[in-house]
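Before we start, here is the structure in question, set down as structure tokens.
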Amino acid sequence: MVVLNFTLTPEAASKVHDLLVCLGKFSETVAIEARRERFTFTALNSSKSAYCAVTLDGKQFFRQYECIPDAGGTDGRFSCSMYTRALLSVFKGRLYDPLGRDGAVERCEVSLQDQDNEAYCRFIIKMVCNQGVTKTYKLTYEAVDVMHALFDRSVAQNRWSMHSGATREYIEYFGTKTELLDIFTGEDGRCVFKSYTEKISDGKEILKHPLVTAVAVNTSDFEYFNVQAGLHIVISVKDFKAIVLHADTLKTSLKAYYSQPTRPLQFSYGCDGLVAEFTLMTSGDYTGAPPTPTPAPQQHTATPQQSRQASHSPSAASERTDMRSMRSEMPPPVQPASRRDQNGRLRNPGSRQPSSAPSQSQTVPPQAEPEDEESLFVPHNDTRMQEEEDAAWAPMDYDKEETLGWDASADHDAAVFPTFRDSGSMSRTTTTDSNMVIEPTQRLSEITGLW
């Protein structure tokens, strides 16, 4: 036979309502474990990725507490399971009325009906109100063995603490459709809480673009912060919101303990004889961690994949070397025999006349190439000789060049020798009497032996 009797104040009964609301977000059922010195509510979600335990101290939280387990001894306990909604129908909100109006609860008396002379086993809750009103609730329960999640805080070197009121302000920025929360610690003295989702639902409410909300918090805003830089810890946004909202009702600080990704994370807070612990499954990576120095290469047996990569690198390097050698040995391309300038005339390759659309490569000054002793072309080291050679092969410009023309006009007073005229401005002589023009065939500078 188990003896369990305790009495709650209106303020303590209101806190029981708040913790039941929080546990109801994790599981439909809540397990109760009563020991000689404490009373514990536990919950485990369906995917077994979150474990919740809220422990109430028998001397601080209750006005009166008595528990005598059937097994006896210090390790004796009584455990059962009940529906969360059934308990919420009894521990309703606003049980604590500081004004003491009519119908306010004065105290809450709880007892366990588990005796041999009773036909049924019930969990009896009495709400004693003012004006002599008493409400009695008899709830059924199921005897179960409660299992607890183990968490070693000595291994969790990453820890931080923040007041629940400030944390609640940050979670208000998270979207309603986000599912995951990434807690990232950077090297710039900031901690980033990023909520996002990777789910794309079909139907009318299709999510075309993933939702991402990042809230950066300076580490100086934390009450305590000691976390490895570059560490990503991913948890459920829904679980984190439920924990923060419950911690805010107690107006206390929220503490986090974790070691590395894929290892459990635990949130803890409490006050006035109430201690809450939430152990969550995590994921994440070390992509943001500072890079480690690369060790010196050592001789070892290479795998087929590594050998393929190694063989590919020298081949690529040798190929680039061959291409450079081919470019250095290959002579410049031969230009076309004729090109047209702005006036449409044909120009030779050696012409200095600018083309109509000069390319970008022509603006780059040419680099001096080393002389080749076996070359068939005579090198032009003298700049003046090069200019004279280019002028020799340039096309004739009748407006600028000195030409030898035939004068058929009747003007014999212009020169001593009226039969021909050496002029730089008049390239073609036309008269009114005759339209026949003899084109010049040779420049004057090329005539030797006449003078």
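Give Lys25/Lys92; Lys177/Lys238; Lys92/Lys177; Lys48/Lys238 a once-over and call out the pairs whose C-alpha atoms are over 18 Å from each other.
With Cα atoms farther than 18 Å apart: Lys92/Lys177.
Looking at the range 3-139 from every direction and averaging, what is the projected area of its Cα convex hull in nm²?
9.1 nm²
Suppose R0 equals 60 Å; then what is the FRET efficiency for Tyr120 and Ser283 from their Cβ-Cβ distance, rounded to the nearest 0.05?
The formula returns an efficiency of 0.85 here.
For the range 216-230 and the range 145-195, what is the centre-to-centre distance using only Cα atoms, to the nearest Å?
11 Å
Hey, another quick one. Gain in length, Ala143 to Lys92, computed as 0.36 nm per residue apart minus the alpha-carbon separation, to one decimal in nm?
Between Ala143 and Lys92, full extension yields 15.9 nm more.
Something else about it: Taking the simple approach of a point 7 Å from Cα along Cα-to-Cβ for both Glu37 and Glu389, what is their distance in nm?
According to this spin-label approximation, the distance is 10.7 nm.
Shifting gears a bit: Under a Cβ-Cβ cut-off of 12 Å, what is the net charge of the residues other than Asn45 that fall near it, where Lys and Arg count +1 and Asp and Glu count -1?
That sum, taken over residues with Cβ under 12 Å, equals +1.
Another question, then. With a 1.4 Å probe and all protein chains kept in place, how much accessible area does Arg35 have, in Å² rounded to the nearest 10?
The value for Arg35 is about 40 Å².
The values are calculated or read from the model by the stated rules, or taken from the named source; none is laboratory data. The structure displayed is predicted, hence computed values, not measured ones. Cβ: placed from backbone, ideal geometry, glycine included. Neighbour counts: every protein chain shown. For the accessible areas, the whole protein counts, side chains as well, though only heavy atoms, and no ligand, DNA or RNA atoms are used. Shrake-Rupley method; radii C 1.70, N 1.55, O 1.52, S 1.80 Å.
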